[in-house]
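First the structure, in the form of structure tokens, and then the observations on it.
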């Protein structure tokens with residue numbers, strides 16, 4: 001399946017660093033879900049990477065490893081602007097020191113994002129705390145994208161083929 005090209009405003013929102021929740025399923029279609037502790041977009045916008053704490057998302061990591069399937073919902077807390085990306089060929093790797101600047105940028109962005117809705121930075125720091133050796137980086141190219149912002153367009157397919 002060909003990848004999708006997201007509209008610039010949605011790609012910029014994801015690249016900036018907003019709330020991200022990752023889901024998958026096992027072979028029996030039982031769902032697994034966890035908040036990402038970070039995300040990043042490749043310079044060309046084709047690859048998205050989300051970071052999961054293994055200790056908090058064992059089933060999810062196992063499901064992604066065995067099926068390759070995932071869905072990630074990115075949402076801007078202040079506006080609820082939300083997009084869901086889906087892929088069937090996700091890859092996993094251990095996070096490394098090279099990921100630390102991306103994770104720091106994501107944390108700073110989330111401190112700002114939740115600050116816009118009245119929460120102090122300490123909330124973001126607690127919610128997104130991690131040990132680098134516990135993180136797995138999950139990378140994928142979106143094969144499908146859906147508008148998920150509450151309203152009449154929720155559920156509609158977005159983006160063209162890459």
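Readers should treat all values here as calculations from the given coordinates under stated rules, not as data from a laboratory. None of these values were measured; they are calculated from a predicted model. A quick note on method: Cβ atoms are made from the backbone with ideal geometry, for glycine too, and the neighbour counts reach across all protein chains shown.
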Exercise. By how many nm would the segment from residue 157 to residue 125 lengthen if fully extended, with 0.36 nm per residue of separation less the alpha-carbon distance?
Worked result: 8.2 nm
Seminar exercise, completed: Note to self: C-alpha centroids of region 109-162 and region 60-78 sit apart, in Å, by 10
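Note down the relative contact order for the chain as a percent, whole number, built from C-alpha pairs under 8 angstrom at least six residues apart.
Values: 349 pairs, mean separation 49.3, N = 162.
Reported as a whole number, the value is 30 percent.
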Seminar exercise, completed: Quick calc: nm separation of the 7 Å Cα→Cβ label points for residue 5 and residue 59 -> 3.9
Problem set entry | Label selected from [x] 27, 18, 14; [y] 34, 25, 16; [z] 22, 21, 15, the criterion being semi-axes √(5λ) of the Cα gyration tensor in Å as computed here | [z]
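Could you order the peptides 108-116, 93-101, 13-21 from most to least packed, using the average number of other C-beta atoms within 10 Å per residue?
Numbers: 108-116: 17.2, 93-101: 12.9, 13-21: 19.9.
Those peptides, ordered most packed to least, come out 13-21, 108-116, 93-101.
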Seminar exercise, completed: Under the helix-only model (-39500 (n - 2.57) for each DSSP H run of 4 or more, divided by the residues of the chain), the mean residue ellipticity at 222 nm, to 500 deg cm²/dmol, is -7500 deg cm²/dmol
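How would region 103-162 be classified by its alpha-carbon gyration tensor: rounded, prolate or oblate, with rounded meaning a/c under 1.5 and the a/b versus b/c comparison settling the rest? Please report the intermediate quantities before stating the final value.
Details: a/c = 3.22, a/b = 1.43, b/c = 2.26.
Oblate, because a/c is 1.5 or more while a/b does not exceed b/c.
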